[in-house]
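In what follows, a structure is listed as structure tokens, so that the remarks can point back to it.
The values are calculated or read from the model by the stated rules, or taken from the named source; none is laboratory data. Keep in mind that what you see is a predicted model, and the values were worked out from it rather than measured. Neighbour counts run over all protein chains shown; Cβ positions are idealised from the backbone, glycine included. What goes into the accessible areas is simple: the full protein's heavy atoms, side chains included, and nothing from ligands, DNA or RNA. Shrake-Rupley method; radii C 1.70, N 1.55, O 1.52, S 1.80 Å.
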Protein chains: 2
Amino acid sequence: MGSPGKSLKISIIGAGSAVWSTRILVDIMLKKNLQGAKVYLMDIDEDRLKLVYLFAKRYASEIHADVEFHATTDRIEAIRDSAFVINSAMAKGHRYYEMMREATERKGYYRGINSVEWNMVSDYHTIWGYYQFKLAVSIARDIEEYAPDAWLINVANPVFELTTLLSRITKVKNIGICHGHMEFWNIVRELRLDPSKVEAEMSGFNHVIWLTRFKYDGLDGYELIDKWIKEEAEKYWRKWWATTSNPFDIQLSPAAVDMYLKYGMFPIGDTVRGGTWKYHWNLETKKKWYGPYGGPDSEVGWALYTTYLAYQMEMIKGFVQAESAPLTMLIPPKPSGEQVIDITESIAADVLRKYQVNILNNGLIPGIPDNVAVEVPAVIDGQGVRRISVTPPNNRVLKHVLLPRMMRMEWALHAFLEPSKDALLEWLMYDVRTRSVSQAEEAIDAMLKLPGNEEMAEVFK
Amino acid sequence: MGSPGKSLKISIIGAGSAVWSTRILVDIMLKKNLQGAKVYLMDIDEDRLKLVYLFAKRYASEIHADVEFHATTDRIEAIRDSAFVINSAMAKGHRYYEMMREATERKGYYRGINSVEWNMVSDYHTIWGYYQFKLAVSIARDIEEYAPDAWLINVANPVFELTTLLSRITKVKNIGICHGHMEFWNIVRELRLDPSKVEAEMSGFNHVIWLTRFKYDGLDGYELIDKWIKEEAEKYWRKWWATTSNPFDIQLSPAAVDMYLKYGMFPIGDTVRGGTWKYHWNLETKKKWYGPYGGPDSEVGWALYTTYLAYQMEMIKGFVQAESAPLTMLIPPKPSGEQVIDITESIAADVLRKYQVNILNNGLIPGIPDNVAVEVPAVIDGQGVRRISVTPPNNRVLKHVLLPRMMRMEWALHAFLEPSKDALLEWLMYDVRTRSVSQAEEAIDAMLKLPGNEEMAEVFK
């Protein structure tokens, strides 16, 4: 019997995101079950694409992996007959996002009009995500036509909006994936718990998940958190403030603890980055809640992050250009911890495992409509995603967090599906930063007038 | 065969609201089908109760109506074995509402923290409606115990919140009623249409209903509205601005037309009073959209309204005290146009008619959860409410109007059912008037410290 990976076609759209895709490619090469696979790398940026392609070829030869790589700028060539399409593409890239932010920030919207309650993450297109939504839908349409049996594993943000949108308007089997839930293990580590005795469950929406169940050795894990808050948090924060070098290091920040005390469940991963404006009015407020950099989504933290991405990119370039440098020095041959290739293996080789995925609710979380994507645990095997029963968030989280976040999702999808300038303006009429109708109009106009937004301006007349 | 009204017991809770209840009592007395009924008037204000009782007795003798009246301050006595309980009670009355408004207005919340997008109506308790919600629930509990087969017809605001709440947590058969939809006929009159050729339907939530269907003589009625806007609106507004003496005269105001152009359906009745802050930032803005008084919910319009109520009350007192004055001079013996007694008759005497009612959605409007009260047309007869299919609002109304209004309803109910100071604070974290957390905290504290709010302060610790 051959490997389940034999002749399996996997395509990665947006493969030029080198910092992310090099790690994913290593994951593929390490999988015994995926040996013999053909991986199509697709991107519209030829330079980045070539870099990733060269990396993959050389890495495969270094570790003797039997995976065939192809690079193409032709999306249909990549998608045709694929069993898996992994989408990590960000339309127009980070620089575009920053332009949008800057244009609307100048009109009085700190961190841009896309940053709102429970979505302060700095590269998560929602109301202004026209190009990103259009790209994801067009990829799904290509899959419908050229690889109708393929699974679309979408890691591109906004995972919440895109999973909901694609599930509503396309026939493609799709799963939304994010790594944010892994941050939970930082709590386990800080509480000095034995991971093998931990039982935990998280649910909600992507970037808005909550620790709905937490047992340790059969006991209530929340009691351990309460004890930590009472006895150790202050000390932890003092040391953390003085020593942390990572703006994303906020899983146990004052913001996270405050959200827990306020909403009655612990926020996990990117959830901590959200919240109402209470945590985000300005840099000073952000620092109070998120530490010395004001968290990843302050002007400081985000600059550090984009610099870090650029630095990583240079590292990859340097290693690939210096042909003698072993790439396993850059990225050791170990699983990245990302779920995407594990999921690919689970489906392709029928390996049953539990994951944290984004799928349509269909009754999993009471109080949330069926046709809204939730982020929940689910089991995946050769049959695909198997829904399991889920511990839902409490009422406080449901009403005060999930409902407003869901409303913004509905507004973002509505603006994309029935575009009008009014649909953009309404977004701002509910924004606490709005002081007048003319301010809102100016922000929308400034955004639509940006170079690169010509099509958007035409569509949102 | 005797009258269906023979020995029928109808109780009116909050009957001391004389301006409203005198008209309703006349409606009862005019109904042939309700002759022989016993009407229990209940209020905690003995003076007002006595006034209404004396009015009813004398009016009955003037028009020779066979209706028996009882006045009581004992709610259980009123409710016991009733076939219909009509609730029009406003806990603590208008003065309390104004105190709440003033206390929070002083903290920077123009028109009070209870006024928010799509609920600018000035006596519609939501987030701060603790006493009003508690009163309605306790009435329903009395019905469960002392008149389990009774219909509760609730005309007390907030009809949207109360209908949803009572339907969710009690077993009482309840219908929420409002007269706002009648304003539609002002459009018909202004467009000089023959009412007999009009076919119209409105749906949404209470105070947020939209003209979802409008035919005139088989043709599209919206074309007539469009024509009116194009050819007559300007002229109408000039005359209206110069001559209108009623702050509620806003069915064809610039606000209504703007909402229609923005959302694609015409707002009906109290819906026009809502909207985002675009229409309400301040008195100047309100005047621009609602005419010389800034609409009923500006500081000017509302003062006129409360003065009018006081004046009407004095009129009723004067007539009742002057025993020689015929009460039919004060209120002519004609139906008031309110639905409540017609509905009573429909159920008691099996008279099938169509009404505009508030009932749980249960699939009537797609995109709205089943357990949320919608305001829709329905047929009522001896069997009670019969659900009929409904033309739902369009997507723009659904997403941009009904979803945010529904969220505020959920927050208000959540605050009542799981009270905490945080539940009140969260309300303000999404308020465009909020500039800081401390401003929000001060507003909540000021409200909870008001005399009369001792119990509320204890509950919302």
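Per residue, the convex hull spanned by the Cα atoms of segment A:100-239 amounts to 157 cubic angstrom.
Our summary gives segment A:1-132 a relative contact order of 26 percent, counting only alpha carbon pairs under 8 angstrom and 6 or more residues apart. As a rough guide to protection, the peptides A:51-60, B:327-336 ranked by mean Cβ packing within 10 Å, highest first, stand as A:51-60, B:327-336. Put a plus charge on the Cβ of each Lys and Arg, a minus charge on the Cβ of each Asp and Glu, and nothing anywhere else: the dipole of chain B about its Cα centre is then about 660 debye.
Take every DSSP beta bridge whose two residues both sit in the protein assembly as shown; close to 55 percent of them are antiparallel. I need the shape label for chain B. Rule: rounded when a/c is under 1.5, else prolate if a/b > b/c, else oblate, with a, b, c from the alpha carbon gyration tensor. Rounded shape, in that the Cα axes give a/c under 1.5. For the peptide B:264-277, the mean number of other protein chain Cβ atoms found within 10 angstrom of a residue's Cβ is 1.
The smallest convex shape that holds all Cα atoms of segment A:319-458, its convex hull, gives 228 Å³ per residue. Projecting the Cα atoms of A:PRO332, A:VAL374, A:LEU352 onto the charge dipole of segment A:321-381 (Cβ charges, centred on the Cα centre) puts A:PRO332 farthest toward the positive pole.
Relative to the Cα centre, the charge distribution of segment A:125-211, modelled as +1 at Lys and Arg Cβ and -1 at Asp and Glu Cβ, gives a dipole magnitude of about 120 debye.
Over chain A, average the accessible area per residue using a 1.4 Å probe and give it in Å², no decimals. All intermediate terms of the calculation are to be shown ahead of the outcome.
Numbers: 17890 Å² over 461 residues.
With the other protein chains kept in place, chain A gives 39 Å² per residue.
Computed over neighbours whose Cβ is under 10 Å from that of A:MET42, the net charge equals -2, Lys and Arg +1, Asp and Glu -1. Helices in chain A that qualify as membrane-span-like (whole DSSP H runs, Cα extent of at least 27 Å along the helix axis, mean Kyte-Doolittle hydropathy of -0.5 or higher) are A:299-321. Its residue count N sets the reference 2.2 N^0.38 Å, and the alpha-carbon radius of gyration of segment B:120-203 equals 1.42 times that reference. Across chain B, C-alpha contacts under 8 Å between residues 6 or more apart give a mean separation that, scaled by the residue count, equals a relative contact order of 18 percent.
Its relative contact order, with pairs defined as Cα atoms under 8 Å and 6+ residues apart, puts segment A:371-461 at 17 percent. Ranked by the mean number of other Cβ atoms within 10 Å of their residues, highest first, the peptides B:20-27, A:257-264 fall in the order B:20-27, A:257-264. Between the amide H of B:ASN154 and those of B:ASN87, B:ILE175, B:GLY176, B:ILE177, distances stay under 5 Å, these residues lying 5 or more places away or on another chain, with hydrogens modeled in the peptide plane. Please say if segment B:167-297 is rounded, prolate or oblate, where rounded means a/c under 1.5 for a ≥ b ≥ c the square roots of the C-alpha gyration tensor eigenvalues, and otherwise the choice is prolate for a/b larger than b/c and oblate otherwise? Oblate is the answer for segment B:167-297, as a/c is 1.5 or above yet b/c matches or exceeds a/b. The accessible surface of the protein assembly as shown, taken with every protein chain in place and a 1.4 Å probe, is 52 percent carbon and sulfur. Between segment A:217-263 and segment A:127-190, the C-alpha centres lie 31 angstrom from each other. Measure out, as a whole number of angstrom, how far apart the alpha-carbon centroids of segment A:301-357 and segment A:435-454 sit. If you average the Cα positions of each part, the centres end up 38 Å apart. Spacing of the modelled spin labels on B:GLN439 and B:GLU418, each 7 Å from Cα toward Cβ, amounts to 2.8 nm.
Expressed as a whole percent, how much of the Cα-Cα distance distribution for segment B:295-343 exceeds 12 Å? Counting every Cα pair in segment B:295-343, those more than 12 Å apart make up 72 percent.
Of all DSSP beta bridges located in chain A, what percent are antiparallel, nearest 5?
Rounded to the nearest five, the antiparallel share is 55 percent.
Work out the charge dipole of chain B with +1 on the Cβ of Lys and Arg and -1 on the Cβ of Asp and Glu about the Cα centre, then indicate which of B:ALA322, B:TRP185, B:LEU219 is farthest towards its positive end. So the residue we want is B:LEU219.
If R0 equals 35 Å, the separation of the Cβ atoms of A:VAL459 and A:LYS171 corresponds to a calculated FRET efficiency of about 0.90.
Return the subset of B:LYS215/B:LYS278; B:LYS171/B:LYS354; A:LYS235/A:LYS287; B:LYS230/B:LYS262 for which the Cα-Cα distance in this structure is over 20 Å, preserving the input order.
Violating the 20 Å limit, Cα to Cα: B:LYS215/B:LYS278; B:LYS171/B:LYS354.
The mean number of Cβ atoms from other chains found within 10 Å of a Cβ in peptide B:390-400 is 3, as a whole number. Determine, from the Cβ-Cβ distance of B:LYS227 and A:ASP81 and an R0 of 60 Å, the FRET efficiency 1/(1 + (r/R0)^6), rounded to the nearest 0.05. So, using R0 = 60 Å, E works out to roughly 0.60. Helical runs (DSSP H, four residues minimum) scored at -39500 (n - 2.57) apiece and divided by the length of chain A put the mean residue ellipticity at 222 nm at -13500 deg cm²/dmol. The mean number of partner chain beta-carbon atoms within 10 angstrom of a residue's beta-carbon across peptide B:229-237 is 0. The alpha carbon radius of gyration of the protein assembly as shown, expressed as a multiple of 2.2 N^0.38 Å, is 1.07.
How big is the B/A interface in buried accessible area, both sides summed, 1.4 Å probe, to the nearest 100 Å²?
So the total buried area for this chain pair works out to about 3200 Å².
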